[in-house]
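Q: Before I ask anything, let me first share the structure, which is written out below as structure tokens.
The values are calculated or read from the model by the stated rules, or taken from the named source; none is laboratory data. Computed from a predicted model, the values in this text were never measured in an experiment. Quick reminder, even Gly has a Cβ in these numbers, built from the backbone with ideal geometry, and neighbours come from all protein chains shown.
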Amino acid sequence: MQLPALDMPVFQPGWVWLAGAGPGDPGLLTLHAVNALNQADVVIYDALVGEAILRCARPNAILEYAGKRGGKPSPKQRDISLRLVELAQAGKRVLRLKGGDPFVFGRGAEEALALHESGIPFRIIPGISAGIGGLAYAGIPLTHRDTNSCVTFLTGHNASGEVPDSLDWAAMVRASPVLVIYMAMKHLDLLVAKLRHAGLSGDRPAALVQDATLPQMRVLTSTLGRICADAQAAGIAPPALLVVGEVVDLHAAFGRSDLQATLNSSCQAAS
Ligand code: SAH
């Protein structure tokens with residue numbers, strides 16, 4: 001793929017580049033990610049990296065899937081890290097491509113540590129995280145001067161797949177007027193119950209954004225009290241982000257004004 005006349009880095013054999021692919025729309029790849037796709041011998045990619053992005057790889061590149069597919073268990077993180085090391089040691093230019101940003105709930109840090117421990121040279125290429133760029137496409141700004149001067153990002157799963165129990169939920173909801181929750185669907189009921197128990201009212205604006213930035217993106221706006229029932233009625237499925245806070249109300253103004261698929265696919269909360 002043609003890149004602007006910039007002085008871009010050369011991908012050396014034996015290196016691993018750990019890159020974010022953004023939330024889905026190939027137009028959100030960074031120039032560094034495209035430069036990596038242009039040169040990599042092997043691309044090890046996750047479930048959240050779509051075909052349109054993989055088509056940007058150079059024609060002879062080997063594409064290796066490292067995610068969960070068809071209900072089969074996902075490869076162990078240790079195995080993925082070992083595979084990166086093995087390929088680099090064999091002199092390949094290895095691109096590890098992850099959805100969003102590799103260091104935002106993406107296990108990028110674990111892989112970078114494994115590379116470091118094995119003495120493999122590597123480079124980190126940040127990507128646009130779904131909780132930032134994806135919400136912008138959905139017409140939900142993360143901040144507005146009138147509503148919030150901070151944002152909190154959290155995950156709905158910890159390492160064992162459960163809602164994080166080490167969080168001080170009450171302190172978090174007191175401190176942060178806007179919450180962005182990744183991996184929100186598996187335990188949506190429990191997450192909402194925790195937020196309500198921590199002090200948030202059922203009237204608090206809340207939204208779910210599924211497949212953000214992709215043509216099939218869906219935006220469900222609701223309230224904390226209704227979001228579980230509305231999500232079920234609308235059939236919202238992963239990957240999705242839960243956003244809680246007044247900024248959700250701005251979707252009414254922004255979600256309809258852009259040229260993306262927002263308007264067509266935006267579904268109103270079932271009442
Ligand atoms: N590293 C990624 C996050 C990986 S965790 C990033 O920075 O975006 C996986 C979670 O990210 C999903 O469960 C979902 O909550 C969120 N996510 C990733 N891509 C998404 C998308 N296109 N639309 C909605 N949510 C997305």
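Q: Go through (1) more than 16 Å from the ligand (Cβ to nearest atom); (2) in contact (Cβ under 8 Å) with a residue 60 or more places away in the chain one by one and return the number of the condition Ile125 breaks.
A: Unmet condition: (1).
Q: So, one more: Please specify each residue of region 104-130 satisfying the condition of being hydrophobic (A, V, I, L, M, F, W, C) and in contact with a Gly (Cβ under 8 Å, 6 or more places away or on another chain). Can you show your working first?
A: The initial filter retains those residues of region 104-130 that are hydrophobic (A, V, I, L, M, F, W, C), namely 104-105, 109, 112-115, 120, 122, 124-125, 128, 130.
The answer is Val104, Ile120, Ile124, Ile125, Ile128, Ala130.
Q: Just to be sure I understand the filter: pairs with C-beta atoms under 7 Å, separated by 6 or more residues or on different chains, first member in region 9-25 and in the same structural domain as Asp46 (by TED's automatic domain parsing), second member part of a loop (DSSP other than H, G, I, E, B) and of a type in the set (Asp, Glu). Which pairs pass?
A: Pairs found: Gly20/Asp101; Gly24/Asp211.
Q: In the set Gly131, Gly119, which member is more than 15 Å from the ligand (Cβ to nearest atom) and over 14 Å from Ala19 (Cα atoms)?
A: Exactly one residue qualifies, and that residue is Gly119.
Q: Sticking with this structure for a sec: Do we find a residue being in contact with a helix residue (DSSP H, G or I) (Cβ under 6 Å, 6 or more places away or on another chain), in the same structural domain as Ile124 (by TED's automatic domain parsing), at pLDDT 95 or above and within 15 Å of the ligand (Cβ to nearest atom) anywhere in region 53-64?
A: The answer is yes; a qualifying residue exists.
Q: Related question: Which is part of a helix (DSSP H, G or I) and either under 15 Å from the mean Cα position of the chain (by Cα) or crowded, with 22+ Cβ neighbours inside 10 Å (or both), of Val192, Val209?
A: Working: Val209 fails: part of a helix (DSSP H, G or I).
Residue meeting the stated conditions: Val192.
Q: Another question, then. When you go through Ala170, Ala193, Ala198, Ala206 one by one, which is the residue that is of a type outside the set (S, T, N, Q), farther than 26 Å from Leu29 by Cα and in contact with a Leu (Cβ under 6 Å, 6 or more places away or on another chain)? Step through it out loud before you land on a result.
A: Details: Ala170 fails: in contact with a Leu (Cβ under 6 Å, 6 or more places away or on another chain); Ala193 fails: in contact with a Leu (Cβ under 6 Å, 6 or more places away or on another chain); Ala198 fails: in contact with a Leu (Cβ under 6 Å, 6 or more places away or on another chain).
Answer to the check: Ala206.
Q: Please tell me if Leu200 is in contact (Cβ under 8 Å) with a residue 40 or more places away in the chain, more than 16 Å from the ligand (Cβ to nearest atom) and buried (at least 17 other Cβ atoms within 10 Å of the Cβ). If you could, list the steps in order and put the result at the bottom.
A: Details: in contact (Cβ under 8 Å) with a residue 40 or more places away in the chain: yes; more than 16 Å from the ligand (Cβ to nearest atom): yes; buried (at least 17 other Cβ atoms within 10 Å of the Cβ): yes.
Yes; evaluated as a whole, the condition is true for this residue.
Q: Here is a follow-up. Tell me which of these Leu167 doesn't satisfy, since it passes every other one: (1) part of a helix (DSSP H, G or I); (2) away from the ligand (no atom under 16 Å from the Cβ).
A: For Leu167, the failing item is (1).
Q: Would you mention how many residues in region 136-156 are of a type in the set (A, V, I, L, M) and under 25 Å from Ala170 (Cβ atoms)? Working first, answer last.
A: First pass over region 136-156, keeping only residues of a type in the set (A, V, I, L, M): 136, 138, 140, 142, 151, 154.
So of that shortlist, the ones also under 25 Å from Ala170 (Cβ atoms) come out as 140, 142, 151, 154.
So the count comes out to 4.
Residue-by-condition table, conditions (1) in a helix (DSSP H, G or I); (2) assigned by TED's automatic domain parsing to the domain that holds Ile181; (3) crowded, with 20+ Cβ neighbours inside 10 Å:
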site: Leu115; (1), (2), (3): yes, no, yes
site: Gly119; (1), (2), (3): no, no, no
site: Leu135; (1), (2), (3): yes, yes, yes
site: Phe153; (1), (2), (3): no, yes, no
site: Ala159; (1), (2), (3): no, yes, no
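Q: When only residues in region 161-176 that are surrounded by 10 or more Cβ atoms within 10 Å (Cβ to Cβ) and not aliphatic (A, V, I, L, M) count, which is nearest to Arg107 (Cα to Cα)?
A: Per the criteria, the residue is Gly161.
Q: Among the residues of region 85-113, what is the count of those that are buried (at least 17 other Cβ atoms within 10 Å of the Cβ) and either outside any loop (DSSP other than H, G, I, E, B) or within 8 Å of the ligand (Cβ to nearest atom) (or both)?
A: Here is the first cut: in region 85-113, the residues buried (at least 17 other Cβ atoms within 10 Å of the Cβ) are 85, 87-88, 92-106, 108, 111-112.
Still in the list and also either outside any loop (DSSP other than H, G, I, E, B) or within 8 Å of the ligand (Cβ to nearest atom) (or both): 85, 87-88, 94-106, 108, 111-112.
The qualifying residues number 19.
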